[in-house]
Amino acid sequence: MKKSEEISTQAEAAPTEAVLPVEPHALAPAELEELKTRAAKADENWDRLLRTMADFENFKKRAARERQDAARFANESLIQKLIPVLDNFDMALSAAQTNPAGGAPSLSAGVAMIQQQFRAALAEAGVEEVDAAGKPFDPNLHEAVSQQESAEVPDGHVLQQLRKGYKLRDRLLRPATVVVAKKPATPAAA
């Protein structure tokens, strides 16, 4: 066979596919409405998906924050139980210092050391005292048990701290129990 015959035979064997131009199909009004409805529904679903993804991201961040807070404040109940022990040490030390007797100096020194160690342990755990003496009354940190007239301390300030308050980092464990100063009553004009 000659080359030209081969080529013509191969050409006859290969189907010729003619690409016909596609004419735009005119849509009926009902088909057009259906496509618009589907497009609107697709847009609605896309918006819902984006909102759901944003909500999920916010949930993950909130859950991580709550886990961190749970870890930071895990010792809260234990520390609340230990604070009265610290109060008792304060009272014992105060009693030993006001009534010195034969063995009182050694008792006083021992209680002072225990108190110092106990305070250091609480401070290491993140506990700090709420110092109220002489400061303006803050209902978020102080618990007022009474008011007392005073000319030395400004009105609305803490006159006397009866019981110390404590915070664990930024969270209040126990408010300071205080007596709040008020202006002295002016004598009635005669």
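The values are calculated or read from the model by the stated rules, or taken from the named source; none is laboratory data. Keep in mind the model is a prediction, meaning the values are calculated, not measured. Positions of Cβ are backbone-derived with ideal geometry, glycine not excepted, and every protein chain shown enters the neighbour counts.
Quick rundown of the values:
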| quantity | calculated |
| --- | --- |
| Members of segment 173-190 found to be under 29 Å from GLN80 (Cα atoms) and assigned to a strand (DSSP E or B), listed by number | LEU173, ARG174, ALA176, THR177, VAL178, VAL179, VAL180, ALA181 |
| Conditions (1) out of contact with any Lys or Arg (no Cβ under 6 Å at 6 or more places or on another chain); (2) surrounded by 13 or more Cβ atoms within 10 Å (Cβ to Cβ); (3) among the charged types (D, E, K, R); number of the one not met by ARG171 | (2) |
| Residue within segment 131-150 that is modelled with pLDDT of 85 or more, over 30 Å from LYS183 (Cα atoms) and in contact with a strand residue (DSSP E or B) (Cβ under 6 Å, 6 or more places away or on another chain) present | no |
| Segment 44-73 residues that are within 24 Å of ARG169 (Cα to Cα), paired with ones that are aliphatic (A, V, I, L, M) (beta carbon under 8 Å, 6 or more apart) | PHE73/LEU168 |
| Segment 139-168 - residue that is over 25 Å from PHE118 (Cα atoms) and of a type in the set (Gly, Ala, Ser) and, of those, surrounded by the fewest Cβ atoms within 10 Å (Cβ to Cβ) | ALA151 |
| Qualifying residue in segment 130-138 (condition: touching a residue at least 24 places away in the same chain (Cβ under 8 Å), more than 26 Å from ALA71 (Cα to Cα), surrounded by 12 or more Cβ atoms within 10 Å (Cβ to Cβ) and of a type in the set (Phe, Trp, Tyr)) | yes |
| Hits in segment 139-151 (condition: over 19 Å from ASP87 (Cα atoms) and either in contact (Cβ under 8 Å) with a residue 24 or more places away in the chain or basic (Lys, Arg) (or both)) | ASN140, SER146, GLN147, GLN148, GLU149, SER150, ALA151 |
| Residue list for segment 109-158, restricted to those being in contact with a Leu (Cβ under 7 Å, 6 or more places away or on another chain) and hydroxyl-bearing (Ser, Thr, Tyr) | SER150 |
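Condition check ((1) within 19 Å of GLN116 (Cα to Cα); (2) out of contact with any Asp or Glu (no Cβ under 9 Å at 6 or more places or on another chain); (3) surrounded by fewer than 15 Cβ atoms within 10 Å (Cβ to Cβ)) across all residues:
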| site | (1), (2), (3) |
| --- | --- |
| ARG62 | no, yes, yes |
| ARG67 | no, yes, yes |
| ALA70 | no, yes, yes |
| ALA74 | no, yes, yes |
| LYS81 | yes, yes, yes |
| VAL85 | yes, yes, yes |
| ASN88 | yes, yes, yes |
| ALA92 | yes, yes, no |
| ASN99 | no, yes, yes |
